[in-house]
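First up is the structure itself, then whatever we jot down about it.
The values are calculated or read from the model by the stated rules, or taken from the named source; none is laboratory data. Bear in mind that the values here come from a model prediction, so they are computed numbers and not experimental data. Quick reminder, even Gly has a Cβ in these numbers, built from the backbone with ideal geometry, and neighbours come from all protein chains shown. Side chains are part of the model used for accessible areas, which takes the heavy atoms of the whole protein and leaves out ligands, DNA and RNA. Shrake-Rupley method; radii C 1.70, N 1.55, O 1.52, S 1.80 Å.
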Amino acid sequence: MTTDSEALNLLEDLIKKAKALGADAADALVFESASLSHAQRLGQTERMEREESRDLGLRVFKGKRQAMVSSTDMKPETLNALAERAVAMAGEVPEDEYCGLADPELLATQIPEIEMFDPEEPSPDALIERARRCEEAARAVPGITNSEGAEAGWGSTRVALATSTGFAAAYGSSGHSVGVAVLGGEGSAMERDYDFSSAVFAEDLEDPAEIGRRAGERAVKRLNPQKPPTGQASVVFDPRVSGGLLRHLAGAINGAGIARGTSFLKDKLNEQVFAEGITIVDDPHRPRGLSSKPFDGEGVANKRRAIVENGRLTTWIMDLRSSRQLGLTTTGHASRGTSSPPSPSTTNLHMEAGSQSPEELMADIADGIYVTELMGMGVNGVTGDYSRGAAGFWIKNGVIAHPVSEATIAGNLKDMFLNLTPASDLTFRFGTNAPTLRIEGMTIAGA
């Protein structure tokens with residue numbers, strides 16, 4: 001990979017070319033990435049791949065018109081042609097009154113140092129060993145009869161961004177992962193489950209053998225499922241799926257959707273949307289966070305924010321364009337690639353833990369469902385209506401009774417958010433995390 005200074009010099013030269021050709025303003029960014037991945041099944045290697053890529057994007061402005069072009073070819077003559085093409089395109093596209101670069105006072109001037117880059121690249125043998133230990137431990141669980149395979153991977157990315165308003169900075173990020181999926185049972189009575197671990201630093205990965213053991217035990221526990229009864233009941237979401245509710249929230253408060261008026265929460269800013277005591281935080285500077293970044297995709301300073309505080313919705317998730325449409329100030333949530341304009345996106349999003357353990361949270365449920373897997377995308381972002389296929393376990397008198405499958409759970413996200421209680425078992429395994437969650441009064445359809 002090129003050094004940060006080399007990448008930034010390249011971008012600044014490209015911006016100068018665009019301005020010399022008639023652009024009023026411009027920004028440019030480059031992504032450089034490398035990855036290594038290994039997959040095996042039943043102890044036999046199925047894939048060992050290494051990929052490297054370098055992609056550059058240039059965005060230019062002429063008045064209130066903008067155009068974007070991208071290239072993987074960094075030769076000087078190619079970049080000259082790239083700048084010419086971008087400026088020519090910007091003269092032809094329709095005006096967009098909300099486009100433009102950030103005002104200087106919004107730009108990040110102090111780039112925080114965040115633990116988000118592991119400089120050590122694992123060897124192919126290290127990935128093979130992680131996957132081997134993971135799959136062998138899963139297959140060793142009594143009742144496991146087949147494997148869908150184990151995978152281990154590593155990736156590294158460097159991002160550099162420069163603007164004609166004087167911003168120029170770069171950062172690196174990395175990720176390691178290992179996981180396995182196995183099947184238990186025989187014939188038409190087989191059940192599948194999985195487990196995995198991902199981390200910025202290799203030293204934070206869970207033990208591959210422990211991951212495999214859990215995957216195997218989960219698959220066996222799902223054998224001989226029943227259909228749940230139909231009716232109203234409490235639904236408990238396992239942490240593997242509870243983060244999905246936060247992603248629905250993030251989509252509903254995305255500034256682009258709010259500006260279009262297409263969200264079920266469009267009129268709920270500064271109002272109670274969760275029960276009192278619920279706090280949801282977005283933290284781009286979380287050390288070793290899987291989605292950390294020191295500034296946003298427009299060079300704007302970002303920071304930790306309580307998106308929901310004591311149940312009250314405090315902000316939209318905005319980039320420059322959506323904030324201008326709404327007459328507000330960007331929240332520093334711009335995310336982007338090299339070939340399209342920025343759009344709003346969260347970073348490390350999590351719901352803070354509650355005070356009860358998962359066992360205490362379920363203790364008074366006479367009948368309910370503990371959901372470990374969700375299927376389908378039956379969520380309406382305009383109305384909040386929610387209906388998804390589910391599998392997991394039936395709760396009887398406060399304890400897990402037996403596995404269930406072929407269930408549908410339904411409700412409306414506005415009601416679900418207000419009737420939600422978090423447990424105390426928050427862990428940071430994904431970019432979006434929530435503890436075990438209990439929601440009252442959902443509809444369950446089964447037998």
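Return a yes/no flag: does the stretch 37-60 have any residue that is in contact with a Ser or Thr (Cβ under 8 Å, 6 or more places away or on another chain) and farther than 30 Å from GLY175 by Cα.
For the stretch 37-60, residues in contact with a Ser or Thr (Cβ under 8 Å, 6 or more places away or on another chain) and farther than 30 Å from GLY175 by Cα: absent.
Filter the stretch 110-127 down to the residues that are among the charged types (D, E, K, R), assigned to a loop (DSSP other than H, G, I, E, B) and more than 14 Å from PRO287 (Cα to Cα) and list them by number.
Scanning the stretch 110-127 gives GLU120, GLU121.
Checking GLY43 against (1) of a type outside the set (Ser, Thr, Tyr); (2) touching a strand residue (DSSP E or B) at 6+ places or on another chain (Cβ under 7 Å); (3) farther than 27 Å from VAL87 by Cβ: exactly one of these is not met. Which one?
Every condition holds for GLY43 apart from (2).
Please work out if LYS293 is over 29 Å from GLY446 (Cβ atoms), without any contact (Cβ under 8 Å) to a residue 40 or more places away in the chain and assigned to a loop (DSSP other than H, G, I, E, B).
No.
Are any residues in the stretch 295-334 within 21 Å of PRO112 (Cβ to Cβ) and surrounded by fewer than 17 Cβ atoms within 10 Å (Cβ to Cβ), and if so, which ones?
Hits for the stretch 295-334 are LYS303, ARG304, ALA306, THR329.
Here is a yes/no grid of residues against (1) buried (at least 20 other Cβ atoms within 10 Å of the Cβ); (2) within 17 Å of VAL220 (Cα to Cα):
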| site | (1), (2) |
| --- | --- |
| ARG158 | yes, no |
| THR165 | no, no |
| HIS176 | yes, no |
| GLY185 | no, yes |
| ALA189 | no, yes |
| ASP195 | yes, yes |
| ALA199 | no, no |
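Quick check on PHE393: is it of a type outside the set (Val, Ile, Thr), modelled with pLDDT of 95 or more and under 30 Å from ARG288 (Cβ atoms)?
no
Given the conditions (1) closer than 21 Å to GLY337 by Cβ; (2) surrounded by fewer than 20 Cβ atoms within 10 Å (Cβ to Cβ), which single one is not true for ASP27?
Every listed condition holds for ASP27 apart from (2).
From ALA209, ALA256, ALA170, which residue is more than 30 Å from ALA445 (Cβ to Cβ), in contact with a Pro (Cβ under 7 Å, 6 or more places away or on another chain) and either open to solvent by 20 Å² or more (accessible area, probe 1.4 Å) or outside any loop (DSSP other than H, G, I, E, B) (or both)?
Going through ALA209, ALA256, ALA170 in turn, the sole match is ALA256.
Could you tell me whether ALA215 is part of a strand (DSSP E or B) and either of a type outside the set (Phe, Trp, Tyr) or crowded, with 19+ Cβ neighbours inside 10 Å (or both)?
So ALA215 fails the test.
Can you tell me which condition THR78 does not meet? The list is (1) assigned to a strand (DSSP E or B); (2) open to solvent by 10 Å² or more (accessible area, probe 1.4 Å), and all the others hold.
For THR78, the exception is condition (1).
Within the stretch 58-75, how many residues turn out to be crowded, with 16+ Cβ neighbours inside 10 Å and in a loop (DSSP other than H, G, I, E, B)?
So the count comes out to 1.
Being over 22 Å from ARG218 (Cα atoms) and of a type outside the set (Val, Ile, Thr) is the filter here, so list the residues in the stretch 363-378 that pass it.
Listed by number, the residues that qualify are ASP364, ALA366, MET377, GLY378.
Give the number of residues within the stretch 398-425 that are open to solvent by 60 Å² or more (accessible area, probe 1.4 Å) and either within 30 Å of ARG286 (Cβ to Cβ) or in contact with a Pro (Cβ under 9 Å, 6 or more places away or on another chain) (or both).
4
From the list SER156, SER198, SER188, which residue is among the hydroxyl-bearing types (Ser, Thr, Tyr) and free of Cβ contacts under 8 Å to residues at least 24 places away in the same chain?
SER188
Restricting attention to the stretch 426-447, report how many residues are out of contact with any His (no Cβ under 6 Å at 6 or more places or on another chain) and buried (at least 17 other Cβ atoms within 10 Å of the Cβ).
Summing the residues that are out of contact with any His (no Cβ under 6 Å at 6 or more places or on another chain) and buried (at least 17 other Cβ atoms within 10 Å of the Cβ) in the stretch 426-447 gives 15.
Does the stretch 141-167 hold any residues that are within 15 Å of ARG192 (Cα to Cα) and not in a strand (DSSP E or B), and which are they?
Passing the criteria: VAL141, PRO142, GLY143.
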